[in-house]
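Visitor: Next up is a structure, given as structure tokens.
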Amino acid sequence: MNSIRRLEEIFAHFPGIGPRQARRFVYYLLGRSPAAVKELVELIQEVKSSTAECQVCHRFFTGNEQADKTPTCNICADASRDHSILMVVARDSDFEIVEKSGAFKGLYFILGGTVPILDKEPEKRIRLKALLQRIDADKPAEVILSLNATPDGENTADLVKNSIKGTKVTILGRGLSTGAELEYVDSDTIKNALQNRR
């Protein structure tokens with residue numbers, strides 16, 4: 001396989017990117033100047049080296065939050081946050097949109113994805129064991145499941161909810177339309193969903 005086809009294959013593994021879009025990315029890069037391509041490569045390397053995964057919530061955070069000095073992000077370390085409420089989201093992009101809304105002042109846990117309905121090994125898809133350990137250690141009063149209103153999101157919510165014992169579990173209210181992905185939802189909708197959680 002030549003390098004063009006290999007790069008297409010790599011881009012095609014990106015979320016939401018198909019073979020045609022992957023091919024467009026490759027030819028776009030081929031049309032850029034060597035300096036522009038070098039800048040992109042250096043930026044990817046910089047992001048990778050200056051970003052750490054929080055050992056508590058599992059979100060990625062950058063060096064401006066002292067990623068190189070501590071394994072805990074600024075939100076998990078913030079004593080002013082409400083430590084009695086834990087919001088569970090699938091991905092970092094979902095965390096970003098909820099945090100940007102300003103409607104939630106508790107703590108987070110990033111599951112790392114969702115579980116397709118017919119999946120036989122959910123523990124390989126999400127951090128369920130780590131979540132249950134966190135709940136057992138921190139004993140939050142409430143766990144809010146903030147997952148996409150899609151079949152995979154609802155299947156994951158059911159799986160997580162059925163695994164949590166002795167803690168109140170709520171799900172975002174249907175301010176989110178069926179099929180909606182948190183990453184693309186506006187702040188007002190997030191606020192309504194939080195207020196109407198069930």
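Visitor: Scanning for something loosely packed, with under 14 Cβ neighbours inside 10 Å, closer than 20 Å to Ile190 by Cβ, in the same structural domain as Thr167 (by TED's automatic domain parsing) and touching a residue at least 60 places away in the same chain (Cβ under 8 Å), does the stretch 100-120 turn up at least one residue?
Guide: So far as the stretch 100-120 goes, yes, one or more of its residues are loosely packed, with under 14 Cβ neighbours inside 10 Å, closer than 20 Å to Ile190 by Cβ, in the same structural domain as Thr167 (by TED's automatic domain parsing) and touching a residue at least 60 places away in the same chain (Cβ under 8 Å).
Visitor: Here's something else I'd like to know. Spot the failing condition for Ala149; the list is (1) modelled with pLDDT under 90; (2) more than 18 Å from Arg197 (Cβ to Cβ); (3) of a type in the set (A, V, I, L, M), and only one is missed.
Guide: (2)
Visitor: Would you check if Ala103 is assigned to a loop (DSSP other than H, G, I, E, B) and under 21 Å from Ala137 (Cβ atoms)?
Guide: no
Visitor: Also: Is there a residue being on the phi < 0 side of the Ramachandran plot and outside any helix (DSSP H, G or I) anywhere in the stretch 39-47?
Guide: No: zero hits.
Visitor: Could you grab me the full set of residues in the stretch 114-164 that are in a loop (DSSP other than H, G, I, E, B) and among the hydrophobic types (A, V, I, L, M, F, W, C)?
Guide: In the first step, residues of the stretch 114-164 are kept if they are in a loop (DSSP other than H, G, I, E, B); the result is 114-121, 125-127, 139-141, 147-150, 164.
Those that are in a loop (DSSP other than H, G, I, E, B) and among the hydrophobic types (A, V, I, L, M, F, W, C): Val115, Ile117, Leu118, Ile126, Ala141, Leu147, Ala149, Ile164.
Visitor: Let me ask you something else. Would you confirm whether any residue within the stretch 165-174 is in a loop (DSSP other than H, G, I, E, B), touching a strand residue (DSSP E or B) at 6+ places or on another chain (Cβ under 8 Å) and in contact (Cβ under 8 Å) with a residue 40 or more places away in the chain?
Guide: Checking the stretch 165-174: not a single residue is in a loop (DSSP other than H, G, I, E, B), touching a strand residue (DSSP E or B) at 6+ places or on another chain (Cβ under 8 Å) and in contact (Cβ under 8 Å) with a residue 40 or more places away in the chain.
The values are calculated or read from the model by the stated rules, or taken from the named source; none is laboratory data. Predicted, not measured: the structure shown is a model, and the values here were computed from it. Here Cβ is always computed from backbone atoms with ideal geometry, including for glycine, and neighbour counts include all displayed protein chains.
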